[in-house]
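Peer 1: Okay, here's the structure, questions in a sec.
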Amino acid sequence: MNKALMKAVKEYLVLLLVLGLVLITAVIEPKFITSGNMTNIMRQFGPLIMVAMGMTFVIIGGYIDLSVAGIMSLVAVVTLSLIDPIGQVGAIFVGLLIGAAAGFLNSLVITRSGAMTQAEGLFISYGMSVLYGGTALLYTGGVTNHLSYIESNYSLFTLIGSGTVGIFSVSFIIFLFLLLILYIFQNFTYTGRAICLTGGNKTAANLTGINVNRTIIIIWTISGFMAGVSSIVLFSRVTTASPVLGKGFELNAILAVVVGGTSLKGGKGSVARTVLGAMLVILLSNSMNLLGVTVYMQNVMKGLLLILAIWLDNLKGRR
Amino acid sequence: MANKENDIILTMTGVVKTFPGVKALDDVSIQVRRGSVHGIVGENGAGKSTLMKILSGVYTKDKGTIIFDGETIETTTPHQAMQRGLSIIYQELNLVNTMTAGENIYLGRFSEVNGMKGTHQKAREALDRIGSDIDTWTLVQDLSVSRKQMVEIAKALSFDSKLIIMDEPSSSLTQDEMKALAKIINQLRSEGISVIYISHKLDEIFDFCDTVTVMRDGKVIDTRPVEEFTRMDMISMMVGRSIEKEFPERPRKVSTPLMEVEGIKTKKLHDISFTLNKGEILGLVGLVGAGRTEIVRALFGADKIKAGTIKLDGEVVAIRNPRDAMKRGISFVPEDRKQQGLILPFSVENNISIATLKNLYKFGILDKNKERQIAEKHIKTLKIKTPTARTAVESLSGGNQQKCIIGRWMEIQPRILIMDEPTRGIDVGAKYEIYLLMKDIVENGGSVILISSELPEVLNMSNRVLTVCDGRINGEFDPEKASVDEIMAKALGVSVEGAMA
């Protein structure tokens with residue numbers, strides 16, 4: 001009986017933490033539950049959760065993707081610069097393509113170089129992140145561009161950034177749509193299972209006929225694509241495309257994934273739970289903001305949370 | 001002091017250890033004499049490893065007393081145990097690959113021996129004591145498994161060990177390396193050091209041990225001087241029922257050629273050519289690293305083939321990766337179950353369905369019922385002991401894990417089943433079942449390629465034996481006519497080629 005309770009607590013710890021956090025903050029700081037703050041949370045939630053959902057697949061597959069920061073920056077500056085020459089639909093299309101292509105390039109470097117370990121993948125993706133981020137700076141000369149300077153029609157970006165359908169923001173609807181697709185992909189398709197098996201043991205997966213290289217290409221491409229989506233959603237909201245837009249997103253995304261209960265050891269995890277993890281990360285920073293906790297202190301808390309989540313994961317693995 | 005002959009180094013009395021739901025050790029009492037080699041045999045799960053882990057301080061006993069070298073031991077840690085003079089050499093050796101042999105021997109104790117110079121000097125002495133010529137400056141990663149083991153033994157000696165426990169020391173040693181180990185064990189015995197020797201291989205038990213304890217289901221069944229055991233009653237005690245023989249009747253169904261391999265070259269193989277017939281069990285014999293595994297890996301598409309052809313039914317086929325091989329009905333049970341065969345955190349059913357997983361999707365959606373049915377079918381026919389199909393495969397015993405891998409391949413109805421060390425670390429009962437399975441496959445028109453370091457297994461099961469040496473096939477034998485010595489000499493490359501040329 002006691003054991004079952006312990007198991008449930010471990011399993012739903014994140015959810016409990018989210019609830020606890022909401023309650024405590026709501027009691028101490030009534031501003032927390034105002035509709036203005038809720039909209040604010042919903043908007044912040046979008047970009048992070050999208051990167052984190054993509055990251056979930058990479059982590060389940062046994063890697064960690066640090067390149068999302070660079071990809072986000074690159075996609076933002078290129079997309080914005082293309083609105084005038086090729087129109088807004090074309091710009092979004094090219095932006096998403098760049099995201100996916102960057103992820104694909106990561107996977108090519110990884111499979112071609114034979115980087116089978118998590119650590120190798122981590123450092124390759126870090127290198128790629130510097131490369132993409134550097135390209136973004138080169139492309140713009142370091143200048144931040146504003147949506148309002150664009151001469152042609154950019155209504156789509158306004159819609160993505162601040163539009164609503166009923167009580168939901170458009171970015172939230174985009175998120176729901178992507179969650180549905182990725183959830184089905186993960187839980188019902190062959191490739192979804194292949195990703196888990198590959199993350200569980202690459203050698204054994206290869207020797208039982210799973211195309212490991214193909215799986216690796218797919219996870220990194222998904223992550224790159226999702227970083228692209230996130231980038232467009234984010235710069236639409238803030239209406240500026242800075243060449244360092246994605247900075248810090250990689251860590252927050254990893255935090256969301258791990259807090260959500262996906263194991264850094266690979267093989268196990270779920271996009272749905274990553275959503276919970278991201279929620280906790282966002283609520284944590286939102287409530288700390290409202291409570292007047294400094295940014296420095298917030299970083300300390302985030303670091304602690306990441307370590308706590310990894311620790312808990314290790315406890316789960318032990319028998 | 002008591003008379004040397006009766007001097008006891010280790011006494012365990014009434015040791016009990018319970019894990020949730022299992023009594024791993026039930027009132028175990030064993031005495032080990034100074035300067036004797038004490039064998040412990042038993043099937044997987046008999047409690048041997050638990051016992052060793054209690055001695056070394058990995059687990060704590062629930063009840064009972066342990067007296068080591070006259071001192072009652074309540075709790076201990078692995079480090080304390082070593083300092084008391086009790087060392088364990090595990091099956092998976094515990095060495096730092098990127099450090100030298102000498103550094104490994106004195107790892108963590110450099111200051112006690114005056115730094116690097118003293119380390120290598122002392123390590124040399126320890127190695128000399130067991131008559132090993134390993135250079136203390138060699139990196140451990142460059143040593144063969146048997147030489148690594150010698151480094152471990154030297155390390156144990158450097159602690160002034162009075163008792164050395166060897167857990168399955170021979171599982172990856174070749175016949176020749178075994179002889180070296182035997183010599184070392186005799187040396188230890190003559191110096192008054194006791195050895196607890198845990199093994200599945202009864203030949204070794206009879207060769208090395210003075211006294212043997214048989215364990216089953218966490219209990220000691222019997223302890224006797226080795227002369228008072230016969231092979232068959234030892235096996236019967238281990239499995240708890242009488243066993244008539246170790247190997248089934250050799251299958252005799254060899255017919256026409258199925259696979260012809262011509263001039264295969266890879267990084268490690270030179271010009272490999274042979275034929276595998278329908279209904280044949282073909283044995284590959286050779287030293288670890290001689291190229292046995294590399295041959296089958298090439299056939300299965302796991303290693304890149306640089307030159308040569310593979311023909312199936314007389315037609316040249318391209319095998320570039322394991323998927324190509326599987327499409328042709330080739331399946332592969334790899335030597336390292338845990339690293340290469342199983343996806344450990346996953347369930348039994350996931351591990352069984354994996355080879356045919358793609359076929360279980362209808363309109364892109366997994367048919368979970370069908371997956372379950374497939375798993376249940378193989379659990380039943382192969383008698384896999386598991387609580388449910390959803391149990392994590394890592395919690396199963398070695399033999400049952402191996403059966404999961406075999407079940408996975410049965411599902412693709414293989415024409416060729418490649419088995420690399422299929423019975424390593426598996427108990428007697430499960431071994432016999434795996435032999436029967438091999439027989440069953442060839443009797444139904446399939447073929448088996450069997451790699452094993454256990455010569456009796458290859459000689460009793462195969463229809464034909466090829467010896468592999470230095471990346472080449474250098475001999476072919478009829479196992480019913482050839483002698484063990486003849487085959488081993490060829491595999492070691494010590495032939496009379498000079499005289500023939």
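The values are calculated or read from the model by the stated rules, or taken from the named source; none is laboratory data. Everything numeric here is computed off the predicted structure, so don't read it as measured data. When we count neighbours, we look across all protein chains shown, and the Cβ atoms used for this are built from the backbone with ideal geometry, even at glycine.
Peer 1: Give the residues of the stretch B:463-488 that are of a type in the set (S, T, N, Q) and surrounded by 20 or more Cβ atoms within 10 Å (Cβ to Cβ), sorted by residue number.
Peer 2: Listed by number, the residues that qualify are B:Asn463, B:Thr467.
Peer 1: If we scan the stretch B:163-181, do we find a residue that is at pLDDT below 90, among the polar types (S, T, N, Q) and more than 19 Å from B:Asn94 (Cβ to Cβ)?
Peer 2: There is at least one residue in the stretch B:163-181 that is at pLDDT below 90, among the polar types (S, T, N, Q) and more than 19 Å from B:Asn94 (Cβ to Cβ).
Peer 1: Step by step: first the residues of the stretch A:147-156, then only those that are part of a loop (DSSP other than H, G, I, E, B) and not acidic (Asp, Glu), then the one that is nearest to A:Ala272 (Cα to Cα). Which residue is that?
Peer 2: A:Tyr154
Peer 1: Are any residues in the stretch B:368-409 surrounded by fewer than 21 Cβ atoms within 10 Å (Cβ to Cβ), more than 14 Å from every other protein chain (Cβ to nearest Cβ) and among the hydroxyl-bearing types (Ser, Thr, Tyr), and if so, which ones?
Peer 2: Matches in the stretch B:368-409: B:Thr381, B:Thr388, B:Ser397.
Peer 1: Considering the stretch A:31-74 alone, what residues qualify as being in contact with a strand residue (DSSP E or B) (Cβ under 9 Å, 6 or more places away or on another chain) and crowded, with 24+ Cβ neighbours inside 10 Å?
Peer 2: Residues satisfying the conditions are A:Gly46, A:Ser73.
Peer 1: State whether one or more residues within the stretch A:17-40 are among the small types (Gly, Ala, Ser) and under 21 Å from A:Arg273 (Cα atoms).
Peer 2: For the stretch A:17-40, residues among the small types (Gly, Ala, Ser) and under 21 Å from A:Arg273 (Cα atoms): present.
Peer 1: Exactly one of these conditions fails for A:Leu74: (1) over 17 Å from A:Pro243 (Cα atoms); (2) in contact with a helix residue (DSSP H, G or I) (Cβ under 8 Å, 6 or more places away or on another chain). Give me its number.
Peer 2: In the conditions (1) over 17 Å from A:Pro243 (Cα atoms); (2) in contact with a helix residue (DSSP H, G or I) (Cβ under 8 Å, 6 or more places away or on another chain), A:Leu74 misses (1) alone.
Peer 1: What are the pairs with Cβ atoms under 7 angstrom where one residue, in the stretch A:261-279, is within 14 Å of chain B (Cβ to nearest Cβ) and the other, located anywhere, is among the acidic types (Asp, Glu) and not in a loop (DSSP other than H, G, I, E, B)? Sequence gap at least six, or different chains.
Peer 2: A:Ser263/A:Asp313; A:Leu264/A:Asp313
Peer 1: Only one residue in A:Ile181, A:Ile222 is in contact (Cβ under 8 Å) with a residue 40 or more places away in the chain, of a type in the set (A, V, I, L, M, F, W, C) and out of contact with any Asp or Glu (no Cβ under 8 Å at 6 or more places or on another chain), so which one is that?
Peer 2: One residue alone meets the criteria, A:Ile222.
Peer 1: Would you please name the residue that is nearest to the other protein chains (Cβ to nearest Cβ), looking only at residues in the stretch A:157-215 that are crowded, with 23+ Cβ neighbours inside 10 Å, among the polar types (S, T, N, Q) and assigned to a helix (DSSP H, G or I)?
Peer 2: Checking each candidate, the answer is A:Thr198.
Peer 1: For the stretch B:387-501, list the strands (runs of 3 or more DSSP E) that sit wholly inside it and hold at least 3 residues that are within 30 Å of B:Lys358 (Cβ to Cβ); which are they?
Peer 2: Filter on the stretch B:387-501 gives B:416-420, B:447-451.
Peer 1: So how many residues does the stretch B:160-181 have that are touching a residue at least 60 places away in the same chain (Cβ under 8 Å), part of a helix (DSSP H, G or I) and not acidic (Asp, Glu)?
Peer 2: Number of matching residues: 1.
Peer 1: Name the helices (runs of 4 or more DSSP H) wholly within the stretch B:1-112 that hold at least 3 residues that are of a type in the set (A, V, I, L, M, F, W, C), surrounded by 14 or more Cβ atoms within 10 Å (Cβ to Cβ) and in the same structural domain as B:Lys148 (by TED's automatic domain parsing)?
Peer 2: The qualifying helices (runs of 4 or more DSSP H) are B:48-56.
Peer 1: Of a type in the set (Asp, Glu), at pLDDT below 85 and surrounded by fewer than 23 Cβ atoms within 10 Å (Cβ to Cβ) - does that describe any residue in the stretch B:186-202?
Peer 2: Looking through the stretch B:186-202, none of the residues is of a type in the set (Asp, Glu), at pLDDT below 85 and surrounded by fewer than 23 Cβ atoms within 10 Å (Cβ to Cβ).
Peer 1: Please tell me if B:Pro414 is in contact (Cβ under 8 Å) with a residue 12 or more places away in the chain, farther than 25 Å from A:Ala194 by Cβ, in contact with a Ser or Thr (Cβ under 8 Å, 6 or more places away or on another chain) and away from chain A (no Cβ under 11 Å).
Peer 2: Criteria not met by B:Pro414.
Peer 1: Wholly within the stretch B:288-367, which helices (runs of 4 or more DSSP H) include no fewer than the required count, namely at least 2 residues that are facing another protein chain (nearest Cβ under 10 Å)?
Peer 2: By residue number, B:322-327, B:348-353.
Peer 1: Assigned to a helix (DSSP H, G or I), under 18 Å from the mean Cα position of the chain (by Cα), surrounded by fewer than 17 Cβ atoms within 10 Å (Cβ to Cβ) and away from every other protein chain (no Cβ under 12 Å) - does that describe any residue in the stretch A:226-234?
Peer 2: no
Peer 1: Can you find, within the stretch B:215-265, the residue that is surrounded by the fewest Cβ atoms within 10 Å (Cβ to Cβ) among those that are in contact (Cβ under 8 Å) with a residue 60 or more places away in the chain and among the basic types (Lys, Arg)?
Peer 2: B:Arg252
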